[in-house]
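Reviewing the structure listed below.
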Amino acid sequence: MVRAYTRRDYIRKTPNSRIVQYDMGNLTDEFPVSLSLAVKEPARIRHNSLEAARIASNRLMQRAAGRMGYHLKLRVYPHQIVRENPMATGAGADRVQSGMRNAFGKPISVEAIVKKGQRIVTIDCEAKNFEEAKVALKRAGMKLPVPCRVVVDKGQDLVK
């Protein structure tokens, strides 16, 4: 997907991203199993969808493996600014609005542009927590506006 044209001269302030953390769990240990959530087609994913996916998967992994039994990493960052040109409605709207004249729009949100096959969320864990990690990534995929699949990056021989 091609990045949208954004003329930064007209944008005064970039909207804040709602994503709180990008790395959760145990950041120091090395885990034998690694799973990722990969998108099946190119898409634009808004910051609040990414945050919802992060919360859903992190909560399940925290309950299953404990605070230090996994490492969850959000691998995309929302850079693209989303704009809208809000149209006035109601009586007298035609006198207030200028239609499509100067229709650059106001920034309302930020989104991440992802390519086909790109990994969005990665979970590293022990082999005993493999099934929980798989379920956590599936739940994260439900929060995203694009079809996703779970990919085993490392430790396939340990989980069979």
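Exactly one residue out of Met68, Met87 is in a loop (DSSP other than H, G, I, E, B), closer than 30 Å to Ala53 by Cα, hydrophobic (A, V, I, L, M, F, W, C) and modelled with pLDDT of 75 or more, and it is Met68.
Scan region 116-133 for residues that are basic (Lys, Arg) and at pLDDT 95 or above and jot them down. Correct list: Lys116, Arg119.
Evaluating Arg18 against the criteria (1) open to solvent by 60 Å² or more (accessible area, probe 1.4 Å); (2) in a helix (DSSP H, G or I) leaves one unmet condition, (2). Among the residues of region 132-160 satisfying the criterion of being assigned to a strand (DSSP E or B) and either open to solvent by 100 Å² or more (accessible area, probe 1.4 Å) or not acidic (Asp, Glu) (or both), which is farthest from Glu30 (Cα to Cα)? Only one residue fits best here, namely Cys148.
To keep it simple, each residue is scored yes or no on (1) in contact (Cβ under 8 Å) with a residue 60 or more places away in the chain; (2) open to solvent by 70 Å² or more (accessible area, probe 1.4 Å); (3) touching a Gly at 6+ places or on another chain (Cβ under 7 Å).
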| site | (1), (2), (3) |
| --- | --- |
| Ser57 | yes, no, no |
| Pro78 | yes, no, no |
| Glu84 | no, yes, yes |
| Met100 | no, yes, no |
| Ala103 | no, no, no |
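As a summary of the residue check, Glu41 satisfies the conditions (1) at pLDDT 95 or above; (2) farther than 21 Å from Asp153 by Cα; (3) part of a loop (DSSP other than H, G, I, E, B) except for the one numbered (2).
The values are calculated or read from the model by the stated rules, or taken from the named source; none is laboratory data. Not measured: the values here are computed from a predicted model. So basically every Cβ, Gly included, is an ideal-geometry build from the backbone, and we count neighbours across all protein chains shown. Ligands, DNA and RNA are excluded from the accessible area calculation, which covers all protein heavy atoms including side chains. Shrake-Rupley method; radii C 1.70, N 1.55, O 1.52, S 1.80 Å.
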